[in-house]
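The values are calculated or read from the model by the stated rules, or taken from the named source; none is laboratory data. Predicted, not measured: the structure shown is a model, and the values here were computed from it. All Cβ positions, glycine included, derive from the backbone under ideal geometry; neighbour counts span all protein chains shown.
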Amino acid sequence: MARRAHFTWVGPYGPALQSNASPQFVKRSDELVRLIGYQYRLTEMRLPVKARAGHPAKVIIRGVNEGVAPFYYRWPVKMAWLNANGEVAASTTLRDDLRKWLPGPFALDAALVAPVEKGTYRLALGIEDPWTGEPSIRFANDLPITRGWTILGQVEVE
């Protein structure tokens, strides 16, 4: 039912409200919570090891929405070059529409202009909450997070 109806939320009731809930009930409730909504997992990331300052660097990302629904708002999908302090040295808003990341595979292909200042940067991906201006949607991967950005890898800008 949750899959067919593309559930993104069930509430306001929750097993935590029931003091005598059986372990099986709590387990099944936890499974439902993991199932509903969206869950974006990155499956492939192709990043350059080196990039030329001020020139485009090709990035290819593949992922899968393991949930039963997309995210229903058009929040910006962004990539950023983070400096050694974790600050955004440069960022690009991608043309991808998050609402189209339906259950199943999705792809991101981008040519990101490298910062003009040479150095070592971490390339990061984020889905920006328009109210805070910060990346806030997490990916279902065990990747480092810096200031809301999911770190994809390190790139030397020459």
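If I ask for residues that are in a loop (DSSP other than H, G, I, E, B) and either in contact with a helix residue (DSSP H, G or I) (Cβ under 9 Å, 6 or more places away or on another chain) or charged (D, E, K, R) (or both), which ones from segment 92-124 would you list? Before you say what the answer is, go through the steps one by one.
First pass over segment 92-124, keeping only residues in a loop (DSSP other than H, G, I, E, B): 94-97, 101-103, 114-118.
Those that are in a loop (DSSP other than H, G, I, E, B) and either in contact with a helix residue (DSSP H, G or I) (Cβ under 9 Å, 6 or more places away or on another chain) or charged (D, E, K, R) (or both): ARG95, ASP96, ASP97, PRO103, GLU117, LYS118.
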Long-range neighbours under 7 Å by Cβ, at least six apart or interchain, first residue more than 16 Å from LYS118 (Cβ to Cβ) and outside the structural domain of GLY54 (by TED's automatic domain parsing) within segment 72-91, second part of a strand (DSSP E or B) and small (Gly, Ala, Ser): none
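Okay, residues lined up against (1) surrounded by fewer than 17 Cβ atoms within 10 Å (Cβ to Cβ); (2) at negative phi:
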residue: TYR73; (1), (2): yes, yes
residue: ALA80; (1), (2): no, yes
residue: GLY86; (1), (2): yes, no
residue: ALA107; (1), (2): yes, yes
residue: LEU112; (1), (2): no, yes
residue: TYR121; (1), (2): no, yes
residue: TRP131; (1), (2): yes, yes
Residue in segment 21-33 that is modelled with pLDDT under 90, farther than 23 Å from THR146 by Cβ and of a type in the set (Ser, Thr, Tyr) present: yes
Residue count for segment 55-66, restricted to those that are over 21 Å from PRO130 (Cβ atoms), under 16 Å from the mean Cα position of the chain (by Cα) and surrounded by 18 or more Cβ atoms within 10 Å (Cβ to Cβ): 3
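Find the residue count for segment 107-158, including only residues that are of a type in the set (D, E, K, R), under 12 Å from MET79 (Cβ atoms) and either touching a Gly at 6+ places or on another chain (Cβ under 9 Å) or outside the structural domain of LYS58 (by TED's automatic domain parsing) (or both). If you could, list the steps in order and put the result at the bottom.
Taking segment 107-158 and keeping what is of a type in the set (D, E, K, R), we get 109, 117-118, 122, 128-129, 134, 138, 142, 147, 156, 158.
Keeping just the survivors that are under 12 Å from MET79 (Cβ atoms) gives 109, 122, 128.
Of the ones still in play, those that are also either touching a Gly at 6+ places or on another chain (Cβ under 9 Å) or outside the structural domain of LYS58 (by TED's automatic domain parsing) (or both) are 122, 128.
Residues flagged as of a type in the set (D, E, K, R), under 12 Å from MET79 (Cβ atoms) and either touching a Gly at 6+ places or on another chain (Cβ under 9 Å) or outside the structural domain of LYS58 (by TED's automatic domain parsing) (or both) within segment 107-158 amount to 2.
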Residue in segment 45-55 that is under 15 Å from GLY126 (Cα atoms), touching a helix residue (DSSP H, G or I) at 6+ places or on another chain (Cβ under 8 Å) and hydrophobic (A, V, I, L, M, F, W, C) present: no
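Results for (1) more than 18 Å from ILE151 (Cβ to Cβ); (2) of a type in the set (A, V, I, L, M, F, W, C), shown as yes or no for each residue.
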residue	(1), (2)
ALA53	yes, yes
VAL68	yes, yes
ASN83	no, no
TRP101	yes, yes
LEU112	no, yes
PRO115	no, no
ALA124	no, yes
ILE137	no, yes
